[in-house]
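The values are calculated or read from the model by the stated rules, or taken from the named source; none is laboratory data. Given the structure is predicted, the values throughout are model-derived calculations rather than measurements. Note that we place each Cβ from the backbone using ideal geometry, even for glycine, and neighbour counts take in every protein chain shown.
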Amino acid sequence: MILADYLQLLDFAPIALLVADEKDEILYANKIAEATFFQELKQKEVKHIFSYSKAKWAEIMKTSKEKGSYSFNDSIRKLTGGSIDVNVTCKPIKFIDDQVFVYYIQDVTDQQKIIKELYKEQQYTQTILDSIPALVYVKDLENRIVSVNRAFEETTKLTNEFVQGRSLSELTSDQELAIDFWKDDLEVIKSDIPLRKLIKPLFNDPNRKFITDKIPYKTYDGETVGIIGFSTEVTDRVNLENALLESERNFRLLFNTSPEGAIISSIDGRIIMANATLCKMLHYTEEELTKLSLFDITPKNKREVEASTLQLSILFGDTIEPVERSYLRKDGSILPAMVKGWIIKNEIGTPTLIGAFIRDITNEKIAEKKKNEFYEKEIERLKNEIDSKNREMISKLAQISEKDGQLKKVLRNLDNVVQNPPASIINELENILEEAKKDNIEVLWPEIELTFEKINKSFFDNLYKKHPKLTKNEKKITALLRMNMSSREISRITHQNIRSVEMARTRLRKKLNLKRSDNLVAFLSQF
């Protein structure tokens, strides 16, 4: 085909076409080209139509020769004013001896407007996304990231340009996590229903936790083309919740495995929790106990005391000191217990709950009762033994007193004999009389005192600690009174008349600082 024939065919082309020679002079412009540029184009140089420099145009010509074609975009001014955006492809063609350049020129003004609008809309959308403090990302149906916001970039240290077109499996070493994320995405895509409040680790930092909402990403006509994710960091909250859960687990473990009964109640006494030990102690199930209050398991005559103790503890302390309490079992029997409690307060210090450990002291009470019974029997036995010893001592003293009376009678008879005795025995009889006249109580007192102290240990020591100024005779009187002897019995033993004994008792009462209403014998029995 010769060049002339070729040029005639260009008028049928659906786009603007220019043909120029090697000198850049336009040889031909089809009707669409003339309509596009609104001017006569023949015999003009192509480079004058476009906005490139001479050097740049020479480069375009050279490149098109070397590569067979060259495309570029430009904006062309029209003679009538304004400009249009065009896409130009320059292609060299050889016709026998003629070398020409064909320029395929397509008006892309409307396309550029659309592109600019799309770009503007994308920028607007990106600006909105960047203003959101949460991590935002958009993914397509092939699990590829379309776009992310600034918070995503700052948190992951990955740029929007870097992650675009990549799947999560390309951005993390944890492939199981990437698969898990994709499963969530697929569920949203297939069900067309958002997934909310998913708590997952950050894909490139497992120590950080995020709560994520995933929603379908739709076009204007409602077609789902991907998903949009919104993630907010909750690492601190999750750590606190985990710590709280761990603390609650430990508390419940301690609570439930405690060998003592344990209970948690409201400040008005309503039972909230009870461990297995307490349930066993009271013969209730936990479900049954949580329908009761502390007052329901307290005997009626003790409820007022229980209420007062709780109120005082709430008002004035953090703990309830160990105190003995009685509780009602399910069958109505009484459980004796030792209770130690504490007040549970909220973050501002307001009492909200009451906790207590309850120890069954039934066996201790039984042991204490047996011990007391043993002590009572032992005290009774010792008392009887002391009474027996005292009676024995009193009996001996009575015998001594009787013998003493008989001896005095003999002494009187001897005294009569001495008045007119033979001279050989006068001195001997006088010696016997003097020895016999000695007070028998004085002779026997050391033995009496020794026996008394064996029966009434520490009596004199305790008495002297409080009353160190007692005389020897007063000491004797206290011992005889401690043996519950009457004034008459003391008179017979000491060879004193009753009046003298009564006066001695009066002086002793004064020395002991006793009132008239105080019983002397009862007072001495304390020592």
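Odds and ends about this structure:
Yes or no, residue by residue, for (1) part of a strand (DSSP E or B); (2) touching a Cys at 6+ places or on another chain (Cβ under 9 Å); (3) in contact (Cβ under 8 Å) with a residue 24 or more places away in the chain; (4) over 16 Å from G226 (Cβ atoms):
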{"position": "K139", "(1), (2), (3), (4)": "yes, no, yes, no"}
{"position": "E154", "(1), (2), (3), (4)": "no, no, no, yes"}
{"position": "L158", "(1), (2), (3), (4)": "no, no, yes, yes"}
{"position": "G165", "(1), (2), (3), (4)": "no, no, no, no"}
{"position": "F181", "(1), (2), (3), (4)": "no, no, no, no"}
{"position": "E187", "(1), (2), (3), (4)": "no, no, no, no"}
{"position": "R196", "(1), (2), (3), (4)": "yes, no, no, yes"}
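- Matching residues, the range 469-494, being surrounded by 15 or more Cβ atoms within 10 Å (Cβ to Cβ), of a type outside the set (S, T, N, Q) and over 21 Å from D387 (Cα atoms): L470, E474
- Contact map, the range 209-223: residues that are assigned to a strand (DSSP E or B) paired with residues that are small (G, A, S), Cβ distance under 6 Å, separation 6+ or inter-chain. Pairs shown: F210/S231; T212/G229; T212/S231; K214/G229; Y217/G226.
- Residue pairs meeting the criteria (Cβ under 9 Å; at least 6 apart or on separate chains; first over 14 Å from P351 (Cβ atoms) and among the β-branched types (V, I, T), in the range 306-319; second assigned to a helix (DSSP H, G or I) and at pLDDT 65 or above): none
- Residue satisfying all of: in the range 158-186; exposed (fewer than 14 other Cβ atoms within 10 Å of the Cβ) and more than 26 Å from D236 (Cα to Cα); nearest to the chain's Cα centre (by Cα) among these: K183
Here is a yes/no grid of residues against (1) loosely packed, with under 15 Cβ neighbours inside 10 Å; (2) not in a strand (DSSP E or B):
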| residue | (1), (2) |
| --- | --- |
| L253 | yes, yes |
| S265 | no, no |
| C279 | no, yes |
| E304 | yes, yes |
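- Boolean, V148 is under 29 Å from S71 (Cβ atoms), surrounded by 17 or more Cβ atoms within 10 Å (Cβ to Cβ) and of a type in the set (A, V, I, L, M, F, W, C): no
- A Cβ distance below 8 Å, combined with a sequence gap of six or more or placement on separate chains, defines the contacts here; from the range 341-355, residues that are within 12 Å of S265 (Cβ to Cβ) reach residues that are of a type in the set (F, W, Y) in the pairs G341/F357; I354/W342; G355/W342.
- Verdict on I498 being over 16 Å from N519 (Cβ atoms) and modelled with pLDDT of 80 or more: yes
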